[in-house]
Each structure stands twice: as structure tokens, then as C-alpha cells.
Amino acid sequence: MSAIDNYQDEEEDDIVCVNEEIETGHPRVTILHPPNERIVPPLNFCPVERYLYRSGQPSNVNFPFLLNLKLKTIIWLANEEPQDALLEFCDDHNIQLQFAAINPDGGEDDNPWDGLTEHSIRNALHTIVNSESYPLLVCCGMGRHRTGTVIGCLRRLMGWNLASVSEEYRRFTGSRGGRILVELLIEAFDITSVEIDREKAPNWLLTALS
């Protein structure tokens, strides 16, 4: 075997494929060489469904990891703005940053836990059920309660039972456990208020609804 053949074999061994199944509009991602930088996911990062992710607020050390996801949208669930570094990252890489929980004036839609309201949850879900926003990351400060609320309401929309929804929510809440008010909000959320355009909905959602 020639030296060229040996080189080609070694090069093929270095190839790592991510997201090997190809979905319309989302080509397979192929990494030809090991990354030069450390790849560190954000706190409480986890895939939710295909091209849908959840986490705590990303910081500078997480940005190389996020670049591999080729994000199109980040939903930020908080009353305060994210760190300047995240704002700059989104601006530099043409990522739409959606504020889904800002309610500075309070009012009849306000509630006492974390600033999340039914209105803000519904806005986040309207983005999540539209595949044109994908790949998509849902995040809050720690990736626990606010993110867990939105994902919990999504799971109800998908037809999950409340026991399974609560189990997934508590998996990310750490040693302090879940908040009963969050679980009550998830249970009480009116899933019929979320309009779904089946022509734009992700395939996994259509499967869950069928």
C-alpha cells in the first residue's frame, strides 16, 4: 500500500459525522478534523427533539459548541437581557435572539414566579412549532425552571401525560427539586391557544399529533 493510500485511510478515520439522518433543509454535518478549541456545552444543555435544544445561558466558553449546532434562533426566557457576549455572538453569526419572557410593565398578565406568563409561553411555543426557526435553542439563566416550563408545555402539546412531563422537568432542577407553581402552570396552560401550521411544523411534532 502506498503512502498516499495510508494517508487517505487515516483521513477517513478522522471523519466524524453528526446528525447523519438528513432532513429537508438541514444537510448532514461532517467534521473533517478534531476541533482546535475545547467544545463545552452550556449548563444543563440537552437535545429536546431533532434540531431543538435547551440549556442555561451560554457564555464565551460555549460558543464553539453552539457554532456546531448551526443555530438559526435562540429563545431567551428572562426579564433581563442576556450577557453582552451572547448578544454579540448572535449578532456576529446572524442568529435571531427572541425575548419571550420580558414583561416590564407587569399588568394583568403578570405572575409572581420568574416573570413567565401564559402570553410569553405561548409566544415561545409559536416559534418552536415553526420549523423555519430551526435549529433552535431555548434557554434561561440556569436552564431549569423557565426553560422547563416552556418545554413542559410543549410536551403537553405533544400529548405527554403529566407524570412524564413532571419527571422531565425535575430532571433539570438539581438538588432543590422542582417548583410546585411551575408544575401547576404547566398543567393549567391552555394548549389549544397554540396555533400550529402543519405545513411549517417540525416532522417530530406532526408525528406526535398524528
Pairs under 6 Å by beta carbon, first residue in contact (Cβ under 8 Å) with a residue 12 or more places away in the chain in the range 158-183, partner surrounded by fewer than 16 Cβ atoms within 10 Å (Cβ to Cβ) and part of a loop (DSSP other than H, G, I, E, B), six or more apart or different chains? 181/113
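Residues checked against (1) more than 12 Å from the chain's Cα centre (by Cα); (2) at pLDDT 95 or above; (3) outside the structural domain of residue 145 (by TED's automatic domain parsing):
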residue	(1), (2), (3)
56	no, yes, no
69	no, yes, no
74	no, yes, no
91	yes, yes, no
99	yes, no, no
103	yes, no, no
108	yes, no, no
112	yes, no, no
119	yes, no, no
Sole exception among (1) buried (at least 19 other Cβ atoms within 10 Å of the Cβ); (2) assigned to a loop (DSSP other than H, G, I, E, B); (3) out of contact with any strand residue (DSSP E or B) (no Cβ under 7 Å at 6 or more places or on another chain) for residue 86, by number: (2)
Given 143, 174, 178, 159, which one is in the same structural domain as residue 70 (by TED's automatic domain parsing), under 23 Å from residue 202 (Cβ atoms) and at pLDDT below 95? 143
If you go through the range 167-185, how many residues are under 17 Å from residue 139 (Cα atoms) and part of a helix (DSSP H, G or I)? 6
If you check every pair at least six apart or on different chains, which have Cβ atoms under 7 Å apart with a residue in the range 61-89 that is of a type in the set (Lys, Arg) first and a residue that is surrounded by 14 or more Cβ atoms within 10 Å (Cβ to Cβ) second? 70/135; 72/95; 72/133; 72/134; 72/135; 72/136
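State all residues of the range 161-196 that are aromatic (Phe, Trp, Tyr) and under 18 Å from the mean Cα position of the chain (by Cα); if no residue qualifies, say none. Write out each step before concluding.
Step one: filter the range 161-196 for residues aromatic (Phe, Trp, Tyr), giving 169, 172, 189.
Across the range 161-196, the qualifying residues are 169, 172.
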Taking the range 175-191 as the region of interest, how many residues are within 15 Å of residue 164 (Cβ to Cβ) and of a type in the set (Asp, Glu)? 2
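The values are calculated or read from the model by the stated rules, or taken from the named source; none is laboratory data. Remember, it's a predicted structure, so these values are computed and weren't measured experimentally. Neighbour counts are summed over all protein chains in view; Cβ atoms, including those assigned to glycine, are modelled from backbone coordinates with ideal geometry.
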